[in-house]
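All remarks here apply to the structure that follows.
Each value in this text was obtained by applying a stated rule to the coordinates, not by laboratory testing. Just so you know, these numbers come straight off a predicted model, no measurement behind them. FYI the Cβ positions are ideal-geometry reconstructions off the backbone, even for glycines, and counts take in every protein chain you see.
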Amino acid sequence: MRYLLVGLLAVVATGTVTAVGGSRLGAPPPPVRGQFVNIEPTSGTTFYRTPGGQRVPLTNEIRVPVNTVVDATHGRMGLTSANGAADFYDGAFVVREPKTGPTQLWLAAEHPSKCTPGSKAVVGQLWGDGRGRFQTRGKYGAATVRGTTWLVQDRCDGTLVKVVQGVVAVRDFTLGKTVLVTAGHSYLARR
């Protein structure tokens, strides 16, 4: 009886049910390539909206279908896919995952028609930090990584990729070429 009482107190204190041996019983099933990814809050306030669903707060680790919109503008969240795990923050994105290739995060930025020529105004961005095969896509370029810390920023004058750690392959959609960007450098795929 004492063991049962201690176990119940642990569940109340942590909010997580564990099996003997320490595995979590409430954890979602693993990701499925091209169908499902797992997301969880890390810090701040994050939201998600599944296809056809409503925008709701992300409060615990859950499994969501691809094409889910995630808003981590005011928080940080973890994403685990068939390609690896990484944290994303300071932006909103749509999760996509083709049958082959990296897990794709498409910036959920609207490009205002009021952008003036030469303006560098930011219309959307997303930071990433982690390991695995991920591609963050802006309007004019995409950054493909295997494990690094990077920023993709859609601006009025193009898509800027900044690399803090590691190496990122940047695809410039306008020029139709791929450029390797190393830590401490950036690349602007111009409009």
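Count of lysine pairs in the range 31-190 with Cα atoms under 23 Å apart, counting only pairs 8 or more residues apart in sequence or on different chains?
Working: Lys99/Lys139; Lys114/Lys139; Lys120/Lys139; Lys120/Lys162; Lys120/Lys177; Lys139/Lys162; Lys139/Lys177; Lys162/Lys177.
Value for the range 31-190: 8.
Compute the separation of the alpha-carbon centres of the range 59-94 and the range 174-191 and state it in Å as a whole number.
With the range 59-94 and the range 174-191 each reduced to a Cα centre, they are spaced 24 Å.
Could you order peptides 151-160, 38-47, 125-134 by the average number of other Cβ atoms within 10 Å of their residues, highest first?
My ranking of the peptides, most packed first, is 151-160, 125-134, 38-47.
With θ set to phi - 60°, apply the Karplus curve 6.51 cos²θ - 1.76 cosθ + 1.60 along the range 32-40 and write out the HN-Hα couplings as whole Hz, x wherever there is a Gly or Pro.
Those phi angles translate into 10, 3, x, 10, 9, 10, 10, 10, 8 Hz.
What does DSSP give for the chain in terms of the percent of beta bridges that are antiparallel, rounded to the nearest 5?
Working: 72 of 76 bridges.
Roughly 95 percent of the beta bridges in the chain run antiparallel, per DSSP.
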